[in-house]
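What follows is a single structure, written as structure tokens, with notes after it.
The values are calculated or read from the model by the stated rules, or taken from the named source; none is laboratory data. These numbers come from a predicted model, not from an experiment. Cβ atoms come from the backbone with ideal geometry, glycine included; neighbour counts cover every protein chain shown. Keep in mind that these areas ignore ligands, DNA and RNA; they rest on the heavy atoms of the full protein, side chains included. Shrake-Rupley method; radii C 1.70, N 1.55, O 1.52, S 1.80 Å.
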Amino acid sequence: MSQTPLTADFLWQDGTWQAGGAGLSVSGARFAAASGATAERIGRFVLPGMPNLHSHAFQRAMAGLAERRGPGEDSFWTWRETMYAFAEAIDPDDLKAIATQLYIEMVKAGYTQVCEFHYLHHGPRGVHYAEPAAMSLALIEAAKEAGIGLTLLPVLYMTGGFDGRPLNERQQRFRHDVGQYVALLERLAPLQNDMLRLGIALHSLRAVPEDAMRALLSSSVCRELPIHIHIAEQIGEVQDCLAVRGARPVEWLLDHADVDARWTLIHATHLTPHETDRLAKSGAVAGLCPTTEANLGDGLFPLAAFLDAGGTLGIGSDSHISVSPVEELRWLEYGQRLITRHRNVTARRPEESVGTALWQRALQGGALAAATDIARLADGARADLLVLDDRSPLLAARDEADVIDSFLFAGNTPLVRDVMVGGQWRVRDFAHAAEQLAAKAYRVVVERLAAA
């Protein structure tokens, strides 16, 4: 297979800038050892692509439509009812159009892999499609059109609360029993390739009874797959778990499952110091979604204590109120500054750069959550990279010591100029080849949904 040699002034490798030197070679979808051929210079600063470890693609179409105050105090739970109503009319073609637009936005922003936490399985009122995997297949097609890597996480969703109450009418689209869910995984597993990875998702402890969780995790199809779960996002969830199961959600999960590096705990916002320490030492990834957590009024993750205990984290755009790794990382740090009234919280050592600490931690945790060899510019990894726009005035007079800090904290002008995913250029000079057609299809769908 022919190789394409590339070089840059600085490559982000092993958590630091390395002078380009021999550069990189791309062979098919992966990086290979640098060849001796003359290399094409692609830019001054080249970073690995960022994994997005948590996405509900259909929610992109309702971003901005839940910002009007209701009759009482608004919360996650009132937002959820708005979301359910919006989701009611979406079919596979709609989902593909919405997800294609979203995934193109992600690639342009610097995300090169997305973990899609997918629970919109069936038709309205839970009527099954003739093809049980129709909605999953729509997401796979959307990812192909956008040119983004996809870790597809079909969600097991069975009950409406810790007390085992049945799902309400609006939740019937999400429902599977364990047998149906395993059958869905078996339908999707043969489709995996360099750009598509399959995993499993438990919606939450309130939505998956203990016996169902145990049955699923012991099934042969699940033994090697990554596992994601929403947990401890809301105080109400913590209180309900204490009342019914006699323990806080993260505490209960750590006591009742073999939580390790295969697991990603999404949000994990409300933790005691003991839970924080145990979660960090388990090796699981804390999946943090700062813009969504802020938009929903969730609260703030105990970041400093988690990092000091050796914890692993990644970032996701979740409800897609924002689609930008820059904004997720910026607000991860800013939330901590607001609550602690200190600066440079993510940097845990003297002279450490906040930007480089954020970017590298999110790369490592995101790759682990996606269960894919990405997020590193090295032989054998999938060939994903970002080229920063060194022509931008925001990067004027910035050298390798300052460039990531300026990338994350110097403003809102896009600085990701070119993006390669799986050895293919998907964005060149800020433009994606499919963006105009995708935007047209998206507009048609959203205008119809909004009018319904």
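Solvent exposure of residue 157, expressed as accessible area, is near 10 Å², computed with a probe of 1.4 Å over the protein chains only.
Surface exposure of region 139-215, expressed per residue as accessible area with a 1.4 Å probe, stands at 36 Å². In this structure, the amide hydrogen of residue 53, modeled 1.01 Å from its nitrogen in the peptide plane, lies closer than 5 angstrom to those of 115, 315, 316, 317, counting only residues at least 5 positions away or on a different chain.
Rg to Rh ratio, region 1-97, alpha-carbon atoms and Kirkwood radius?
Here Rg/Rh amounts to 1.28.
In whole angstrom, how far apart do the alpha carbon centroids of region 193-269 and region 389-452 sit? Value for the Cα centre distance between the two parts: 33 Å.
Close amide H partners of residue 228, meaning residues 5 or more places away or on another chain with modelled amide H under 5 Å apart, are 200, 201, 202, 264. Charge tally for residue 228 (other residues, Cβ to Cβ under 11 Å; Lys, Arg +1; Asp, Glu -1): 0.
Per residue, region 319-452 exposes an accessible area of 47 Å² to a 1.4 Å probe, with every protein chain left in place. Residues whose amide H falls under 5 Å from that of residue 377, counting only those 5 or more places apart or on a different chain, are 14, with hydrogens built in the peptide plane.
Over the chain, DSSP H runs of length four or greater, each weighted -39,500 (n - 2.57), average out per residue to a 222 nm ellipticity of -11000 deg cm²/dmol. Annotation: residue 331 carries an accessible surface of approximately 110 Å², with a 1.4 Å probe and no ligand, DNA or RNA atoms counted.
Based on Cα coordinates alone, diagonalise the gyration tensor for the chain, multiply each eigenvalue by 5, take square roots, and list the semi-axes in whole Å, largest first. Equivalent ellipsoid semi-axes, largest first: 34, 25, 22 Å.
Roughly speaking, to the nearest percent, how much of the chain's 1.4 Å accessible area is carbon and sulfur?
So the carbon and sulfur contribution to the accessible surface is 50 percent.
Less than 15 Å Cβ to Cβ from residue 9, Lys/Arg counted +1 and Asp/Glu -1: what total charge do the surrounding residues give?
Details: positive: 41, 44, 391, 398, 417; negative: 40, 389, 390, 399, 400, 402, 418.
Within the 15 Å Cβ shell, the charges total -2.
The charge dipole of region 61-141, taken about its Cα centre with unit charges on the Cβ atoms of Lys, Arg (+1), Asp and Glu (-1) only, comes to about 120 debye.
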